[in-house]
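Please read the structure below before turning to the comments.
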Amino acid sequence: MSVQTTVRRLTAPDLRARKGGDPIVMLTSYHAHTAALVDRYCDAILVGDSLGNVMHGFETTVPVTLEMMILQGRAVMRGSKRALVVVDMPFGSYEASPEQAFHAAARILKETQCGAVKLEGGARMAQTISFLAERGVPVMAHIGLTPQSINTLGSFRAQGRDEADAARIENDARAVSAAGAFSVVIEAVAEPLARRITEVISIPTIGIGASAACDGQVLVLEDMLGLSEKVPKFVKRYGNLGPEIEKAIEGYASEVRARVFPGPEHVYRGK
Ligand code: KIV
């Protein structure tokens, strides 16, 4: 007799209901194997378009395509069981109109079977967010520093540094919340602004470089593991895997050069 345990995957409404409750734990993943590890400890997994930087070595996320997001979204869904998987909508796949956004989001949901999409932009994306939410697409918004706008921003520096800019970001937060986003990522804003936004909107705020005043946090997995060469200043490293991996590869290379590698008697041992 086999005992089957069904694990229920968290949904966008589950995350939405966490407002003001236990902090939401979120990390990025782009692969089945890291998704399986992240899934054990996180409420949500972001298949971020940061995969353009991390996996493909692009300087920005602008070159990332819908096909790239769908491919890695499918891998993460295969690797995970419990966490809500959120897939980023890449630059150029949603900004032109609500209809364009719906077609791209529908492809992401159908082809990956993930539970939600994320898109960048505040008040300017509010109409699109309601269009998607009313048609069955759970949307996580992303405000503050929005890396897809790097060509107009000019740099990846912190946002909301003066009163007018802080007011603009607060207005963005209110707009995405009123439009029906189920949560909002706030990137690179100082604690007082993150705290104020978290207090005034009714959906969970998920910070990245936005302080513990938020309802949760997301980080890029490779950044916190010490695998990325360049990381934003606010990233705390929880591991130093880069040098560890290099040590293992160096050991492997020197053993192969010394002809220390197994033949078929090792490969088939015990069979
Ligand atoms: O693409 C990504 O990884 C993100 C996070 C930085 C929030 O959007």
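The values are calculated or read from the model by the stated rules, or taken from the named source; none is laboratory data. None of the values given here were measured: they were computed from a predicted structure. Glycine also receives a Cβ, built like all others from the backbone with ideal geometry; neighbour counts cover every protein chain displayed. For the accessible areas, the whole protein counts, side chains as well, though only heavy atoms, and no ligand, DNA or RNA atoms are used. Shrake-Rupley method; radii C 1.70, N 1.55, O 1.52, S 1.80 Å.
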Return a yes/no flag: does region 72-90 have any residue that is in contact with a Phe, Trp or Tyr (Cβ under 6 Å, 6 or more places away or on another chain), at pLDDT 95 or above and farther than 28 Å from residue 37 by Cβ.
no
Of the residues that sit in region 84-94 and are of a type outside the set (A, V, I, L, M, F, W, C) and crowded, with 17+ Cβ neighbours inside 10 Å, which one is nearest to residue 124 (Cα to Cα)?
94
With (1) part of a loop (DSSP other than H, G, I, E, B); (2) open to solvent by 30 Å² or more (accessible area, probe 1.4 Å); (3) modelled with pLDDT of 95 or more as the list, and residue 270 as the residue in question, which single condition is left unmet?
(3)
Can you report the number of residues in region 167-185 which are open to solvent by 30 Å² or more (accessible area, probe 1.4 Å) and either of a type in the set (Ser, Thr, Tyr) or outside any helix (DSSP H, G or I) (or both)?
1
Quick count over region 46-83, residues being of a type in the set (A, V, I, L, M), within 13 Å of the ligand (Cβ to nearest atom) and open to solvent by 60 Å² or more (accessible area, probe 1.4 Å), is 1
Here are the criteria: (1) touching a residue at least 24 places away in the same chain (Cβ under 8 Å); (2) under 27 Å from residue 87 (Cβ atoms). Tell me which single one residue 231 does not satisfy.
(1)
Where residues in region 105-121 are more than 18 Å from residue 16 (Cα to Cα) and in contact with a strand residue (DSSP E or B) (Cβ under 8 Å, 6 or more places away or on another chain), which of them is farthest from the ligand (Cβ to nearest atom)?
109
Selection over region 130-146 where residues are surrounded by 24 or more Cβ atoms within 10 Å (Cβ to Cβ) and within 18 Å of the chain's Cα centre (by Cα) yields a count of 8
If you scan region 51-78, which residues turn out to be of a type in the set (Gly, Ala, Ser) and either part of a loop (DSSP other than H, G, I, E, B) or free of Cβ contacts under 8 Å to residues at least 40 places away in the same chain (or both)?
52, 57
Among (1) open to solvent by less than 80 Å² (accessible area, probe 1.4 Å); (2) free of Cβ contacts under 8 Å to residues at least 24 places away in the same chain; (3) within 26 Å of residue 63 (Cβ to Cβ), which single condition is residue 164 missing?
(3)
Any residue at all in region 239-247 that's outside any helix (DSSP H, G or I) and more than 21 Å from residue 85 (Cα to Cα)?
yes
Which residues, taken from region 186-216, are part of a helix (DSSP H, G or I) and surrounded by 22 or more Cβ atoms within 10 Å (Cβ to Cβ)?
193, 194, 197, 198
Given the structure, is residue 251 open to solvent by less than 70 Å² (accessible area, probe 1.4 Å) and on the phi > 0 side of the Ramachandran plot?
no
Name every residue in region 134-154 that is away from the ligand (no atom under 14 Å from the Cβ), assigned to a loop (DSSP other than H, G, I, E, B) and within 20 Å of residue 100 (Cβ to Cβ), in order of residue number.
135, 136, 137, 138
